[in-house]
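Some notes on the structure that comes next.
Read-outs: derived from the displayed coordinates by stated rules, not from any lab. Remember, predicted model here, so these are calculated numbers, not experimental data. Here the Cβ is made from the backbone with ideal geometry for all residues, glycine too, and neighbour counts use every protein chain on show.
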There are 2 protein chains.
Amino acid sequence: MAELVEVTSADDPRLADYRDLRDVELRKHLEAEHGLFLAEGEKVVRRAVEAGFTPRSYLMAPRWLDGLADVLERSDAPCFVVSEALAEEVTGFHVHRGALASLERRPLPPVEEVLAGARSVLVLEDIVDHTNVGAILRSGAALGFDAVLLAPRCADPLYRRSIKVAMGAVFTLPWTRLPDWYGALPTLSAAGFTTVALTLGEDAVPIEQAVAGLDKVALVLGSEGHGLSERWQQSADRRAIIPMAAGIDSLNVAAATAVACYVTARR
Amino acid sequence: MAELVEVTSADDPRLADYRDLRDVELRKHLEAEHGLFLAEGEKVVRRAVEAGFTPRSYLMAPRWLDGLADVLERSDAPCFVVSEALAEEVTGFHVHRGALASLERRPLPPVEEVLAGARSVLVLEDIVDHTNVGAILRSGAALGFDAVLLAPRCADPLYRRSIKVAMGAVFTLPWTRLPDWYGALPTLSAAGFTTVALTLGEDAVPIEQAVAGLDKVALVLGSEGHGLSERWQQSADRRAIIPMAAGIDSLNVAAATAVACYVTARR
């Protein structure tokens, strides 16, 4: 049973994990240094714990205790009980979903482990927006993808905002970082995947055609602003496009991913 | 040629259109009352003006003047030139895209006008998130839809954030408000459209099957949290689902829309 600890001062050092949640740069450093991540909202906290992540602590206003009673019942981590005003003072925003939890990150699995048995894989190059990373993981999971690989500079799926948008998919869909950017796609090809890069390049073929009849597919997606790097475009086995109406420059990367996943899952 | 007017005080009443851009509730009232909307960033400002919206004024730091020189050249509205610090003080955030413009809203066209000649139409019930409204318009435009109809309580496509996410689609894709919520879908059916509601309901059939061979289609989408109202689910001609992996509750509405538009456009 989690020990309920009433905290009344925003300076209490036990609340350190929950400080300034809106300060993205500060949070990146703090979370990396301490190997933690934040889950927000009853549903997300529950999914994180059920997925086996170890809680360091919980923070919530009294009215949220009941909703998570079963989770707290089975937990050894302390639960800091604070007023809503204090929660807002510490985190820097109005915590309208109520419950927060700080959980331990786990070592990222090796690429081979994530790929074992996978038939449809997403590979994200430098997606910088946490909302997009979350939305892509959610779509991938919903549309039947088995795993996600992230380039070294892709945004963090365990950042609070990514988790919230992914609706828990980040806890259940296997994912890891690629150790090597330059050779990533040829390595996947050598592992038996046909790498299909989504691009607006001139030699791109419609996605349905690009994936038709393929066995193991790695769908490769680039950053929001500039798309895929030249290196990844050129080192992919195939280049594909989602056919668009005349005069439209592109789809949002999360929308493009949803369409590409749907088409690829039905190849 | 727009008159360049240097402004040095945040209290200058001429900057009233640009106040507190992050305060959603305040902006909703202010923009409705004055019949204006805000465009942000060189590309979006340019697209709004090129789409024929009349600017009331521009606001920008000196370094953004060159990029919009051609737009200002052809405009009669004043351009308020301010320091970046002053822009931040007035708007309430760091305007990293630089140029802002306040433009006149136009009277919404009648539904019949928006539907004239349309073969694929999106109908949004109560989408509350401006990012989702923008993303849906962008996907609709990119994937070949001809028009968008909004239920009376759907979020505003001309809100700054919607416009930004829509990347200009809100200026080019015809859209309007439905005057009547209750009878909206039967009215569309009477106009020759097969209304296809995206739902997780038990009698929903896969989207590909639901739209196969149809001529005029209206794809009907519900709100983020609870989906479509019972009334709209029941008054639609067909109910459709995007097939999903076991154990996943749903796709994000913007992702679902992208997939549904793609499939419907290729019916």
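Residue and whole-Å distance for the chain A Cβ lying nearest the axis of the A-onto-B rotation are A:A258, 2.
Peptide B:256-267 shows a mean partner chain C-beta count of 5 within 10 Å per residue C-beta. Copy-to-copy label distances for A:M1, where each label lies 7 Å from Cα along Cα-to-Cβ, are 7.9 nm in order of increasing length. The modelled label-to-label distance for the pair A:D20/A:A32, using points 7 Å beyond Cα in the direction of Cβ, is 1.6 nm. Here the Karplus relation 6.51 cos²θ - 1.76 cosθ + 1.60, evaluated at θ = phi - 60°, turns the backbone of the stretch A:218-223 into coupling constants of 10, 8, 10, 10, x, 6 Hz, with x for every Gly and Pro. Proximity of backbone amide H atoms, modeled 1.01 Å from N, is registered between A:R177 and A:L150 at under 5 Å, excluding neighbours fewer than 5 places apart on the same chain. With a cut-off of 11 Å between beta carbons, the residues surrounding A:F171 carry a summed charge of +2, where Lys and Arg count +1 and Asp and Glu -1.
Counting neighbouring Cβ atoms within 10 Å and putting the fewest first, the residues A:E224, B:E112 line up as B:E112, A:E224.
Spin-label model, B:R63/B:E50: points 7 Å from Cα along the beta carbon direction are separated by 2.5 nm. What is chain B's relative contact order, in percent, from Cα pairs under 8 angstrom and six or more apart in sequence? It rounds to 19 percent for chain B.
Taking a straight line from the alpha carbon of B:K28, these aspartates and glutamates sit under 17 Å away, with near neighbours fewer than eight places off in the same chain left out: B:D17, B:D20, B:E40, B:E104, B:D126, B:D129, B:D156. Under 13 Å from the 7 Å Cα→Cβ point of B:S83, by amide nitrogen: which residues of the stretch B:1-34? Once the point is set 7 Å along Cα→Cβ of B:S83, B:7-10 turn out to lie under 13 Å by backbone N, inside the stretch B:1-34. Electrostatic bookkeeping for A:R153 treats Lys and Arg as +1 and Asp and Glu as -1; over the other residues with beta carbon under 11 Å from its beta carbon, the sum is -2.
Under 12 Å from the Cβ of B:L185, count the other residues' Cβ atoms, weight Lys and Arg +1, Asp and Glu -1, and hand me the total. Combined, the nearby Lys, Arg, Asp and Glu give 0.
Taking amide H as placed 1.01 Å from N in the peptide plane, B:D20 has its amide H under 5 Å from the amide H of B:T91, B:G92, each at least 5 places away in sequence or on another chain. Rounded to whole numbers, the Karplus 3J(HN,Hα) couplings from phi for the stretch A:22-31 are 8, 8, 4, 5, 4, 5, 4, 5, 4, 6 Hz, using 6.51 cos²θ - 1.76 cosθ + 1.60 with θ = phi - 60°, and x at Gly and Pro. With θ taken as phi - 60° and the Karplus curve 6.51 cos²θ - 1.76 cosθ + 1.60 applied, the whole-hertz 3J(HN,Hα) list for the stretch A:32-40 is 5, 5, 9, x, 10, 9, 10, 10, 10 Hz, x standing for glycine and proline.
Here's the list of aspartates and glutamates a cross-link from A:K43 could span, going by alpha-carbon distance under 17 Å and ignoring same-chain residues fewer than 8 apart: A:D66, A:D70, A:E73, B:E224, B:D249. Reported to the nearest whole Å, the Cα centre-to-centre distance from the stretch A:22-52 to the stretch A:163-220 is 26. The order of the peptides B:132-141, A:150-159 by mean Cβ neighbours within 10 Å, most packed first, is B:132-141, A:150-159.
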